[in-house]
Amino acid sequence: MSYQTGVGQRTAVVTGAAAPRGIGFATARRYAREGWAVALLDIDAAGVEKAAETLRSEVSVPVVGVPVDVTDEASVANSVAAVADAGLPPVGALANIAGVASPVPFLEVGLKEWYRVLDINLTGTFLMCRAFLPQMIENGYGRIVNMSSVSAQQGGGVFSKTPYSAAKAGILGLTRSLAREMAPHRITVNAVSPGVVDTDIRVGATDQENEAKLAAAVPMGRQGTPEDMAALFVWLSSEDASYITGCTQNINGGSYIA
C-alpha cells in the first residue's frame with residue numbers, strides 16, 4: 001500500500017476550520033498546498049463552506065466543507081458520511097482543532113460552563129477520533145494531531161482559566177493512551193501545545209495593552225501565528241513523522257520550556 005500523500009491519495013480532516021484567521025483554516029490551507037485533499041469541518045455551516053470555497057479558488061486539490069457539532073455523536077457520524085459521500089481519497093490525517101476558550105474565574109464557573117468547555121475541547125476530540133479511526137485502521141495509514149495548550153502544562157496563565165486547562169490536560173492523556181493503542185496499526189497520535197497565538201477568536205476577547213504584554217512575555221518577542229501552528233500540524237501528519245507518537249509538541253516561542 002502506498003504511504004505517499006498528495007492529490008488523489010490522502011484526505012486531511014480539519015475541525016474548527018471556518019474562521020479566516022484561525023488555526024484550523026491555516027492548517028487546512030497548509031494541507032491543501034502540500035497536496036492533501038481537505039475536508040474542513042466546523043459548527044458554522046455558512047462559514048465552513050465559505051472557507052472551502054476560498055481554498056478551492058487557491059488550490060487544485062479536492063476540498064469540501066462540512067458542518068459538524070463535535071459534541072454531538074450523531075452530527076459527528078453525519079460528518080464522516082458527508083466526507084465519504086464527497087468522493088475524497090481515504091482519510092489519512094485528522095487535525096482536531098475545534099475548541100473554545102474560557103476566561104471565567106474558577107469560583108464563578110457553573111456546571112453549564114464547565115461542561116461546555118470540556119464537551120467542545122475534550123469530548124469533541126474523543127468523538128472525532130473514534131469516528132475516523134476505523135477507516136484509518138482499515139486503510140493502514142493514519143495521523144491524528146490533537147490541539148492542546150500550554151495552559152494544560154503550566155496551569156493557565158495565558159488567557160483561559162481552569163475549565164480550559166483541565167480540558168486541554170485531558171487531551172494530553174487521551175493522546176498518550178490512544179497513541180499506545182493505535183501503535184500496532186501504524187497510526188500515530190500526537191498533541192500540539194501552543195502558547196499565545198494571534199487569532200481573531202482569542203485576540204477579539206482582549207485589548208491591545210494585554211496583547212502587548214503577552215507578546216513581551218515571549219522570549220522570541222512575538223505571538224505565534226496560525227501559520228506557525230499549521231506547519232507543525234501538517235508535518236506531524238507526514239511520512240517524516242512516522243516514528244513520533246504519544247508526544248506533546250510544544251510551540252510557544254520559548255514561553256514554556258520543558
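Read-outs: derived from the displayed coordinates by stated rules, not from any lab. Nothing here was measured: the structure is a model prediction, and the numbers come from that model. Note that each Cβ is placed from the backbone with ideal geometry, even for glycine, and that neighbours are counted across all protein chains shown.
Among 166-172, 37-43, 251-257, 223-229, what's the highest-first ranking by average C-beta atoms within 10 angstrom per residue?
Values: 166-172: 21.6, 37-43: 28.7, 251-257: 16.7, 223-229: 19.7.
Highest mean packing first, the order is 37-43, 166-172, 223-229, 251-257.
Got a sec? Charge dipole of region 11-251, +1 on Cβ for Lys and Arg, -1 for Asp and Glu; which of 212, 173, 125 is way out at the positive end?
The residue sitting farthest along the positive end of the dipole is 173.
Which of the listed residues, 257, 32, 199, is farthest toward the dipole's positive end in the chain, when Lys, Arg count +1 and Asp, Glu count -1 at the beta-carbon?
257
Determine the dipole magnitude for region 11-251: charges of +1 sit on the beta-carbon of Lys and Arg, -1 on that of Asp and Glu, nothing else is charged, the reference point is the Cα centre, and the result goes in debye to the nearest 20. Don't skip to the answer; put the middle values down first.
On the way: 18 positive and 24 negative charges, 106 e Å.
Using only the charged Cβ atoms, the result is roughly 500 debye.
Do the sum for the chain: with -39,500 (n - 2.57) for every DSSP H run of n ≥ 4, divided by all residues, what is the mean residue ellipticity at 222 nm, to the nearest 500 deg cm²/dmol? Intermediate values should be presented prior to the final figure.
Working: 10 runs with 112 residues, N = 258.
Using -39500 (n - 2.57) per qualifying helix, the result is -13000 deg cm²/dmol.
Residue 180 versus residue 198, label points 7 Å from Cα toward the beta carbon: distance in nm?
About 4.1 nm separates the two model spin labels.
Anything over 29 Å Cα to Cα? Flag those among 50/213; 161/213; 112/213, in the order listed.
Beyond 29 Å: 50/213; 112/213.
Between residue 82 and residue 57, what is the spin-label point distance in nm, taking each point 7 Å from the Cα along the Cα→C-beta axis?
According to this spin-label approximation, the distance is 2.1 nm.
What ranking, highest mean first, results for peptides 209-218, 59-68 when packing means the other Cβ atoms within 10 Å averaged over each residue?
For the peptides 209-218, 59-68, the packing ranking is 59-68, 209-218.
Quick check: net charge around residue 52, other residues with Cβ under 13 Å of its Cβ, Lys/Arg +1 and Asp/Glu -1?
Combined, the nearby Lys, Arg, Asp and Glu give -2.
Calculate the FRET efficiency for residue 108 and residue 217 from the Cβ-Cβ distance with a Förster distance of 25 Å, rounded to the nearest 0.05. Before the final figure, lay out each step's value.
Details: r = 25 Å, r/R0 = 1.00.
About 0.50, to the nearest 0.05.
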